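Comments concern the structure below.
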Amino acid sequence: MEMSFTGLASSRIDSVKVLALGEHLLDEDTHFIAKVVSTGKHWNFPVLGEGTCSSIQVCELVELWNALPDAEQARCHIPGFAIQVLKATEVVFTASLCWHCNNISIASSLATLGWRQFDASSLSARRRLSLCKEIVASGA
């Protein structure tokens with residue numbers, strides 16, 4: 001699956017998970033946490049909760065992903081959520097999103113980018129944050 005920031009196709013996705021993330025962990029801390037997600041070489045976060053998207057939510061997340069505009073990057077990277085795209089049971093990529101610094105860190109050998117900035121104040125970014133909260137709250 002080829003993945004670029006503006007070319008994500010819902011037809012190539014079997015499922016999408018939204019992960020609520022905790023505070024960044026140092027590498028030596030990860031063995032104490034039941035579930036950890038890594039998005040990049042130095043980004044490890046405990047997973048506090050998760051939800052699987054319905055097919056309608058997958059389509060909306062893909063549309064929102066493709067609509068996110070560029071912005072200036074601040075680089076604090078304190079993500080509240082990560083999006084995991086799966087094909088069958090294999091994770092295609094994981095992207096952690098930080099609405100504080102306009103940063104997305106993408107982990108995957110199939111991703112064409114390792115990180116990307118976005119305008120966290122845009123309508124598509126605010127809707128994406130709201131949708132992430134809804135999905136995790138439902139815990140589906």
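Which residues, counting only those in the stretch 94-114, are at pLDDT below 85 and either of a type in the set (A, V, I, L, M, F, W, C) or under 18 Å from Lys133 (Cβ atoms) (or both)?
Scanning the stretch 94-114 gives Ile106, Ala107, Leu110, Ala111, Leu113.
Can you list the strands (runs of 3 or more DSSP E) found entirely within the stretch 60-123 that contain at least 2 residues being in contact (Cβ under 8 Å) with a residue 40 or more places away in the chain and of a type in the set (Gly, Ala, Ser)? Quick ask: steps written out before the conclusion?
Values: elements: 81-87, 90-98, 103-107, 115-117.
Here the list reads 90-98, 103-107.
Scan Leu129, Leu123, Leu48 and give me the residue that is out of contact with any strand residue (DSSP E or B) (no Cβ under 7 Å at 6 or more places or on another chain) and closer than 19 Å to Glu23 by Cα. First the steps, then the outcome.
Details: Leu123 fails: closer than 19 Å to Glu23 by Cα; Leu48 fails: out of contact with any strand residue (DSSP E or B) (no Cβ under 7 Å at 6 or more places or on another chain).
The match here is Leu129.
Quick one: in the stretch 10-43, of everything that is touching a helix residue (DSSP H, G or I) at 6+ places or on another chain (Cβ under 7 Å) and surrounded by fewer than 19 Cβ atoms within 10 Å (Cβ to Cβ), which residue is modelled with the lowest pLDDT?
Restricting to residues being touching a helix residue (DSSP H, G or I) at 6+ places or on another chain (Cβ under 7 Å) and surrounded by fewer than 19 Cβ atoms within 10 Å (Cβ to Cβ), the top hit is Ser10.
The values are calculated or read from the model by the stated rules, or taken from the named source; none is laboratory data. All of these numbers come straight from a predicted model, not from anything done at the bench. Using ideal geometry, Cβ is built from the backbone for each residue, glycine included, and neighbour counts are taken over all protein chains shown.
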